Amino acid sequence: MARLNLTYPTALVLQALATGSHHGFDIMDATGLPSGTVYPILRRLDREGLVDSTWEKQATAQREQRPPRRYYAITRGGADMLAQAAERFRALDAAVAPPARRLKPSRA
Amino acid sequence: MHRPTIVRVCLWVVRACSAIVPRRARREWRMEWEGELHHHARAREGERLDWRRQADLARRTLGALPDAAWVRRQFTADAEIVHDAKHGARLLWRSPTFALSSVGILAVGIGSTVAVVTLLDTLMFRPLPYERAEDVMTLWQRRAALPGDRHDVAPGNFLDWRERSRSFSAMAAAVPYSFDYTGGTGQPRVLFGAQVTEGFWDAIGMRPAVGRAFLPDEHASGSRPVAIVSDRLWREIFGGDPGILDRALSLDGVPHAVVGVLPREFAPQLLPRADMLDVWTVKVVQEHEGRIRASAWWNVVARLAPGVSREAAQAELDAISRTLEQEHPRANAGIAALVIPLREHLMGDLRAPLLVTLAAVILVLTIGCANVASLLLARGVEREREFAIRAAVGAGRARLVRQLVTESLLLSATAAVAGVALARGAVSAIVAVAPPRVLRLGEAAIDERSLLVAVAVTMLTAVGFGVLPALQFSRPGQDAMRERAGRTPRRGFRRGLVAAEVALALVLMTGAGLLVRSFERLTSVDPGFAPEGVVALQVFAWDRNPTAPRIRAFFDVTLERLRALPGVATAGAVSAMPFASANIDIKSPLEIVGRASAPRADQPGTYVTVATPGYFTAMAIPLRAGRLVDDRDTERAPVVALVSDALARREWGTASPLGARLAIQWQGKRVESEIVGVVGQIRHDSLDGAARPEVFFAFAQVPFASMTYVLKGTGRPEALIEAAKREVWAVDPLQTFYETGSVARWVEASVVRQRFSMTLMSTLAGIALLLCATGIYGVISFTTVQRTREIGVRMALGANRGTIQRMVLREGAGVIALGGLTGLVAAVAASRSLRAMLFEIEPGDPLTLAAVSSLVAVVGLAACYFPARRATRIDPAIALRSD
């Protein structure tokens, strides 16, 4: 865990995962971060074991006639990390709303 | 399923970006992006994809590029290096003057080093096209008393060596031979070649590419004449026809069956005209040849027997030579054998000059590194803030050093690309000025081996110029952010670098100066004749002129026609033509009639030359005493001789030789003659060689058919030669010409090796001096800028421009003096390695040292002058506000 810098965008991504966004583009929507930021963060979190990633079932993808989507879920370690982040960035809760709402990130 | 254009464009962008992703992760990466894109486009299918949504999709897709780059970085061994390189590149881009000058300086250094290393590699390390080439030795004769002496081998000695030695598994000789070829269409021509004794192809380790080598019984006398031809002749005469075997090639009117074609790379550089040897035939050793020991013209090749070293072979031949000395005290006194590996032989005389050049390019590269290091140091001061901040936010020293070394690598890698391009040019330029007949130099080319050298040199230079400055600035906290006072330790360091540059440049300038002076002395040597406007045509006219009267008639008639040619002032003929590649050197013991002492064994021989009167006038050979040969000296008149003053001095000292009688062995007969004149001595082989002690006979009295026509005339040499050939063909249409050319050019060609060394060294010294001047200019400009405030204060306090200028110049002069003194000491020591390449000049020649030191000093001070003048323009008011 020491290798991961807990930056503000990382915390936003973790928060989005905790509040029910599980796909790359959805996390972008939830956090308002650009894709070029979101994906590297997801990959780093994945590498550090803070999120788990699985692939959508082939059947679902075939029904919708597209390649399978990648599904990200926060792990226990990720949740701990998020708790630490929440202390550091007090406004986190306000920044990431549940999937229905979209907000621009506001810096603490 | 129909996909909107925007989706297709986005999918295409993702696919393009996926090329960046390392192969291992590419499939998953692409699937993830495509899955999301498809899903995103579909989720909105009910609605129309309006421009807002299209823009959103496009924006998201653009993130694929940084994502792909990020993934790639995870796979590169050290992402920070990439970052360092990018940072470095940005900084270099922002200071193009610095970047361009450093890259230029380093490119010159790297380029010249790669070029010279490539040439040396070609000579010294590239595999030779002979079987187990390291076992192939060339054997030579040398006079034991003279170090560095090396001659062709006398037939008698070769036969004895071959019979008595056990160190070699094969030993064979090649004998120069040329054939008249009148078979093809066009003018009769000479084909140059060699006759080889049995086992030659085994000894040298080469098989014909087409056909076979000679069979043992083909070396027996009376066997069917066979020939092996060169690749060039095969293509020229036979059109490269593989069915050439057993076709007849008419040589000297005798049909020879062609049994083989040599590979193109066969170039053992044996015999005169080594590059023109087209026909190889068998040498049938004649019984009488075993007795020839005084004349040496055979080239010997031998293959070491398994397990025998070169030294052991040399020791055995030394022992044999001592025995031969006892057996033949007259001819073999002081004659020793010399074993030289074929590779060493192929390097010729170029190894020493190229090694000296290598030393010189390394010096240039070092100066270049010092220069760039100095530039980096100057820049470092400007970057102090950057380093201070980075150190303050936690960058360790190693991190900063790495940043700087990465930047240095970036510089030297860019320089290496330019340098390799430069090296290509340099290699062709060096090969172009190299002695034409030398060796395998023509094969030199920049290839992967050179590139490896370039990479190594690049790394070394990056470390060389980058590490010291890096260690200097990365010292945490030290100079950082502090007030900039006038004097910093760094300035001392830079001045040290520049002083070192001055010293190195002086060493190179001294070397170049010595070579230039040596060359001057060499070319001002009087060869003993005036070559300007003289052309020469060598003929061997024995075939159709077998008797003395026929020989006389042939040359009388042809010379008559040549003299009548328009533009020809005089024409003559001589047997031993100075500076011709097949100079005839007939030597004889000299007997002075009435003098008691027999010829001493250690006495060098006397050369016997036959000439017509026209030879002396055409070549403007000065008459020192008595008279020249002329029309009086006919067949029936008493035989007369001229002696060269070298011989006159040797035999008579200051007394006059006129009237003395000589006895000479000429074609097996004793010829007695009276000396009627003394002519100037002539140098025959090279300007730095000794003049020949020579006896001249009148052609009319001692007819000879291996002669060289000598024509003094006006007009282009080529035109004169062509006209002369036509006149000779008018008398004998089958006569061939062995060698033709302008005598002035032959003399010039004899110093091509010295010219080569001089040109290379002077070019490098010039580059070194230029780099050095740049270095001085840089360091003085920089310190002057640093002292702006100080200068302002001084001017405000009343110092005038002259004082300021002197102050800056004094600083430069100090650096130059320090470097100059060190350089002088180094130059005296280093120039000793040039001794072997110098002619009539000592390595520590004071005049040369004085001249180059003054030149370096003047150039150095000139480089200081501009910053000094700029310093005087400083406005005190502005200077005081500057900090």
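We did not get these values from a lab; they are worked out from the coordinates using the rules stated. Predicted model, so just to flag it, every value in this text is computed and none were measured. Here Cβ is always computed from backbone atoms with ideal geometry, including for glycine, and neighbour counts include all displayed protein chains.
Here are a few things to note about the model shown:
- Value of Rg to Rh for the stretch B:493-582 (Rh from inverse mean 1/r over Cα pairs, i.e. Kirkwood): 1.41
- In this entry, the protein assembly as shown is assigned a mean projected area of 61.3 nm², taken as a quarter of its C-alpha convex hull surface.
- Using every pair of separate Cα atoms, the Kirkwood estimate puts the hydrodynamic radius of the stretch B:331-456 at 19.0 angstrom.
- Counting every alpha-carbon pair across the stretch B:132-263, the share separated by more than 17 Å comes to 66%.
- A dipole drawn for chain B from +1 and -1 charges on Cβ atoms has a positive end, and of B:PHE214, B:PRO268, B:PHE493 the residue lying farthest that way is B:PHE493.
- Alpha-carbon Debye profile of the stretch A:7-69, log10 I(q)/I(0) at 0.20, 0.22 Å⁻¹: -0.78, -0.89
- Prolate/oblate/rounded label for the stretch B:332-382 (Cα gyration tensor, a/c 1.5): prolate
- Efficiency of FRET from Cβ geometry, B:ARG636 and B:LEU452, R₀ 60 Å, rounded to 0.05: 0.20
- Other protein chain C-beta atoms within 10 Å of residue C-beta, averaged over A:62-74: 4.
- Pairwise label distance in nanometres, B:SER295 with B:ALA877, each label 7 Å out on the Cα-Cβ vector: 9.5
- Anisotropy class of the stretch B:823-883 from Cα gyration tensor, a/c 1.5 cut: prolate
- Viscosity 1.306 mPa s, temperature 10 °C, Stokes-Einstein D of the stretch B:698-851 from Kirkwood C-alpha radius, µm²/s: 70
- The share of C-alpha pairs in the stretch B:641-783 whose separation exceeds 20 Å stands at 70 percent.
- Multiplying the residue separation of B:GLU265 and B:GLN667 by 0.36 nm and subtracting their alpha-carbon distance yields 140.7 nm.
- Kirkwood radius, the stretch B:61-146, all distinct C-alpha pairs, inverse of mean reciprocal distance: 19.2 Å.
- Dividing the summed -39500 (n - 2.57) terms of all DSSP H runs of n ≥ 4 by the residue count of chain B sets its mean residue ellipticity at 222 nm at -17000 deg cm²/dmol.
- Nearest-0.05 FRET efficiency for B:GLU840 and B:SER309, computed from C-beta distance (R0 25 Å): 0.05
- Rounded to 10°, Cα long-axis angle of helix B:448-474 versus longest principal axis of chain B: 40
- Residue list for the stretch B:16-30, given a label point 7 angstrom along the Cα-to-Cβ vector of B:LYS86 and an amide N cut-off under 16 Å: B:20-22
- Relative contact order of chain B, pairs being alpha-carbon contacts under 8 Å that are 6 or more residues apart, as %: 15
- Helix axis angle, B:79-94 relative to chain B longest principal axis, alpha carbon, degrees: 80
- Kirkwood-based Rg to Rh ratio, chain B, C-alpha trace: 1.11
- With R₀ set to 51 Å, the beta-carbon distance separating B:PHE238 from B:THR523 gives a calculated FRET efficiency near 0.70.
- Among the residues of A:34-46, the average count of other protein chain beta-carbon atoms within 10 Å of the residue beta-carbon is 5.
- Taking all Cα-Cα distances within the stretch B:283-380, those exceeding 19 Å account for 68%.
- In the stretch B:282-327, the alpha-carbon atoms span a convex hull of 117 Å³ per residue.
- Linear extension gain, B:ARG801 paired with B:LEU847, 0.36 nm per residue minus alpha-carbon span: 12.9 nm
- Intensity falloff of the stretch B:762-839 expressed as log10 I(q)/I(0), Debye formula with alpha-carbon point scatterers, at q = 0.16, 0.18 Å⁻¹: -0.75, -0.86
- Virtual spin-label span in nm between B:THR617 and B:ARG330, 7 Å along Cα→Cβ: 4.0
- Angle in degrees between helix B:397-433 and the longest Cα principal axis of chain B, rounded to the nearest 10: 30
- Three-way shape call for the stretch B:772-813 based on the alpha-carbon gyration tensor, with the a/c threshold at 1.5: oblate
- Taking each residue as 0.36 nm, the span from B:ARG627 to B:ARG383 lengthens on full extension beyond its C-alpha to C-alpha distance by 79.4 nm.
- Loop-located chymotrypsin sites (Phe, Trp or Tyr not before Pro) across the stretch B:518-566 with a Cβ neighbour count of 16 or fewer within 10 Å are B:TRP542, with loop assigned by DSSP.
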